[in-house]
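What follows is a short report on a single structure.
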Amino acid sequence: MQRFVDNYPQVESGLLFLGTCGVGKTHLAVALLKQVITEKGDGGLFYDFRDLLREIQASWDSISQTSEWDVLKPVLEARILVLDELGANKPTEWVRDTIAHIINCRYNDKRLTIFTSNFLDTPTKAGEETLTDRIGVRLRSRLYEMVQRGRDTRSRFQERY
Ligand SMILES: Nc1ncnc2c1ncn2[C@@H]1O[C@H](COP(=O)(O)OP(=O)(O)OP(=O)(O)O)[C@@H](O)[C@H]1O
Ligand SMILES: [Mg+2]
């Protein structure tokens, strides 16, 4: 974790924190974001993914003062972005398209993103949904190209940092 901040902005890839409820994923992601902002003076943005989708949907309302682009622009352009709770929404086609749009734009622009998700790569019990079930094979693979793995916050992440 300290290495990420020390090396920032010379960091090749973002981070992905996977783990069950309450292991500290959001805490860790926010701590990193705050450090980058205060120590490196860089602009950053935090979004709970569910709130982001709600804001986009609210922007469609005819009485809304904001457009979809007003909501999305800072998300696509933030120097560093925390997207908390990836996969938490029911994976409808629109939800997946929106994730894909954000991930692809940030990937193409080589912008750093820290993701968190409650969905693991391997189910811990029969019938448990995985990250792939929630976001699809293609998006998961693109996501992994963008991040250094911090596969399970409890074990792997602490080992590495
Ligand atoms: N390193 C830490 N130091 C102090 N408090 C922590 C730390 N990590 C987590 N916590 C606290 O533990 C609680 C759970 O952490 P957090 O909300 O980050 O978990 P989470 O993995 O994001 O959970 P969820 O999947 O439910 O969103 C919070 O109250 C948080 O403040
Ligand atoms: Mg959380």
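Starting at the first residue of region 36-50, write each ³J(HN,Hα) from the Karplus equation 6.51 cos²θ - 1.76 cosθ + 1.60 with θ = phi - 60°, in whole Hz, x for Gly and Pro.
4, 5, 7, 7, 10, x, 9, x, x, 9, 10, 9, 6, 4, 5
Would you kindly derive the ³J(HN,Hα) couplings of region 108-114 from the backbone phi angles with the Karplus curve 6.51 cos²θ - 1.76 cosθ + 1.60 (θ = phi - 60°), listing them in order in whole Hz, with x for Gly and Pro?
Coupling constants for region 108-114: 5, 8, 6, 9, 7, 9, 10 Hz.
To check my understanding: the extent here is largest minus smallest coordinate of the Cα atoms along each principal axis. What are those three numbers for the chain, in Å, largest first?
50, 45, 28
Which is farthest toward the positive dipole end of the chain among Cys105, Val137, Gln2, measuring Cα position about the Cα centre, with Cβ charges +1 (Lys, Arg) and -1 (Asp, Glu)?
Gln2
Determine the order of Thr66, Thr116 by accessible area, beginning with the largest, at a probe radius of 1.4 Å. Present the calculation step by step, with values, prior to reporting the outcome.
Working: Thr66 65, Thr116 0 Å².
Accessible-area ranking of Thr66, Thr116, largest first: Thr66, Thr116.
Please give the FRET efficiency for Arg3 paired with Tyr144, using the beta carbon to beta carbon distance and R0 = 30 Å, rounded to the nearest 0.05. Before the final figure, lay out the partial values.
Details: r = 20 Å, r/R0 = 0.65.
Calculated transfer efficiency: 0.95.
If exposed means no more than 13 neighbouring beta carbons inside 10 Å and the site is in a DSSP loop, what's the longest run of the chain without any exposed trypsin sites (Lys or Arg not before Pro)?
Counting only loop sites that pass the neighbour cut-off, the longest clear stretch is 1-109.
Sequence gap at least 6, Cα distance under 8 Å: using those rules, report the relative contact order of the chain to the nearest whole percent.
34 percent
Using 0.36 nm times the number of residues separating Val137 and Ser67, minus their current alpha carbon distance, what extension gain do you get?
22.2 nm
Taking only Cα atoms and a 10 Å spring cutoff, compute GNM fluctuations for the chain and point out the largest among Glu12, Glu145, Glu93.
Per the Cα network of the chain with a 10 Å cutoff, Glu93 tops the list.
Just to verify a number: FRET efficiency for Glu12 and Thr124, C-beta to C-beta distance, R0 = 30 Å, to 0.05?
On the way: r = 30 Å, r/R0 = 1.00.
Rounded to the nearest 0.05, the efficiency is 0.50.
Label Lys110 and Lys34 with points 7 Å out from Cα along Cα→Cβ: what is the distance between them in nm?
3.1 nm
The values are calculated or read from the model by the stated rules, or taken from the named source; none is laboratory data. Small disclaimer: the values here were computed from a predicted structure and weren't measured. Cβ: placed from backbone, ideal geometry, glycine included. Neighbour counts: every protein chain shown. The accessibility values were calculated without ligands, DNA or RNA, using every heavy atom of the protein model including side chains. Shrake-Rupley method; radii C 1.70, N 1.55, O 1.52, S 1.80 Å.
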